[in-house]
Amino acid sequence: MKNDVLYMEAVSVSFDGFKALNNVNLFIKQRELRFLIGPNGAGKTTLLDVICGKTKPDMGRVFYNEEFDLLRMKPSKICKAGISRKFQAPSVFGSLTVEENLRLSIPKNRELFSSFFDNQKGSIETVDEVLETVGLTEKRNWLASQLAHGEKQWLEIGLTIIQKPKLLLVDEPVAGMTGGERDKTGILLTKIAKDCSVIVVEHDMKFVERFSSTVTVLHEGRVISDGSYEKVKKDPYVIDVYLGRDGGKHESAAS
Ligand SMILES: Nc1ncnc2c1ncn2[C@@H]1O[C@H](COP(=O)(O)OP(=O)(O)OP(=O)(O)O)[C@@H](O)[C@H]1O
Ligand SMILES: [Mg+2]
């Protein structure tokens, strides 16, 4: 458990007797960028649901930063403790500007509006920093609804990193993106992982190949392989259940 940001041991989740996760172990180190891959229904999203407290497992242990027992914490507490999640469904407010969206996500603003004024200087610095990181400085005054699909996704990532998480969970970040947007997203996630551990669920194997260091493969609720993408893509079991003989049937058309 030492130095693990996330320690997940023997976790099982059942839905009406169906095992969505079956005895899963997952250990994530500080500032690690881990990719989670596997066929539809493998349990990838369920695994993220367990980490952020949305789904409680039937069995197992899940610790964050060695000290927090995530199975005893509510989602809001887990979030406050430093675990942020970017969902696939959009959560930006289209009628607010990019900057306003970011300001709303600064944790202090949510608790007490007056504290916003006390901390305004700090907030401006944080907002500037995040705008720079996600590449939206030039568009800070644009309405979020005016952004291109990829830019909206980066703003969403900005909404999570402005909370200064220690662990960021991202489900299928490059779905629907152009090739150029995917590359930018990969570079962005790599940059974020210099400060924070990141778990990325993704089906785009070109993206995984280019940006992953470690990959965990799930199938029918079990971890069936892990290691570098180079290693797992040669694993006969992974080829059989997911990647196929051509090693790339999950690349999307836009890549
Ligand atoms: N709330 C739920 N109630 C019942 N079954 C569920 C629930 N959530 C997930 N499942 C089932 O658990 C299995 C794992 O689902 P999950 O969404 O975790 O898969 P996934 O790996 O994220 O798949 P995909 O790549 O399609 O997103 C699926 O068979 C799914 O139907
Ligand atoms: Mg999923």
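The values are calculated or read from the model by the stated rules, or taken from the named source; none is laboratory data. The shown structure was predicted, so the numbers you read here are calculated from the model rather than taken from an experiment. When we count neighbours, we look across all protein chains shown, and the Cβ atoms used for this are built from the backbone with ideal geometry, even at glycine.
Could you say whether any residue in the range 66-74 is surrounded by fewer than 21 Cβ atoms within 10 Å (Cβ to Cβ), away from ligand 1 (no atom under 11 Å from the Cβ), at pLDDT 95 or above and closer than 14 Å to R222 by Cα? Checked against the condition, which is being surrounded by fewer than 21 Cβ atoms within 10 Å (Cβ to Cβ), away from ligand 1 (no atom under 11 Å from the Cβ), at pLDDT 95 or above and closer than 14 Å to R222 by Cα, the range 66-74 yields no hits at all. For K19, state whether it is within 21 Å of D240 (Cβ to Cβ) and among the charged types (D, E, K, R). Taking the combined requirement at face value, the residue satisfies it. For the range 160-169, the count of residues that are in contact with a strand residue (DSSP E or B) (Cβ under 7 Å, 6 or more places away or on another chain), modelled with pLDDT of 95 or more and within 16 Å of ligand 2 (Cβ to nearest atom) is nonzero.
Go through the range 31-58 and give me each residue that's among the basic types (K, R), within 17 Å of Q88 (Cα to Cα) and more than 9 Å from ligand 2 (Cβ to nearest atom).
K54
Being over 19 Å from the mean Cα position of the chain (by Cα) and either touching a residue at least 60 places away in the same chain (Cβ under 8 Å) or within 11 Å of ligand 1 (Cβ to nearest atom) (or both) is the filter here, so list the residues in the range 13-65 that pass it. Hits for the range 13-65 are V13, S14, F15, D16, G17, F18, K19, A20, N22, N23. If you go through the range 174-190 and keep only what is of a type in the set (S, T, Y) and either over 16 Å from G135 (Cα atoms) or not in a helix (DSSP H, G or I) (or both), you end up with just T178.
Being away from ligand 1 (no atom under 16 Å from the Cβ), basic (K, R), in contact (Cβ under 8 Å) with a residue 12 or more places away in the chain and within 24 Å of D49 (Cβ to Cβ) narrows it down to one residue among K191, K184, K206, K166; which is it?
Working: K191 fails: within 24 Å of D49 (Cβ to Cβ); K184 fails: within 24 Å of D49 (Cβ to Cβ); K206 fails: within 24 Å of D49 (Cβ to Cβ).
From the options K191, K184, K206, K166, the qualifying one is K166.
Kindly indicate whether F113 is away from ligand 1 (no atom under 13 Å from the Cβ) and at pLDDT 95 or above. It is false that F113 is away from ligand 1 (no atom under 13 Å from the Cβ) and at pLDDT 95 or above. Checking each residue in the range 126-149 for being surrounded by 19 or more Cβ atoms within 10 Å (Cβ to Cβ) and either part of a strand (DSSP E or B) or of a type in the set (G, A, S) (or both) picks out only A144.
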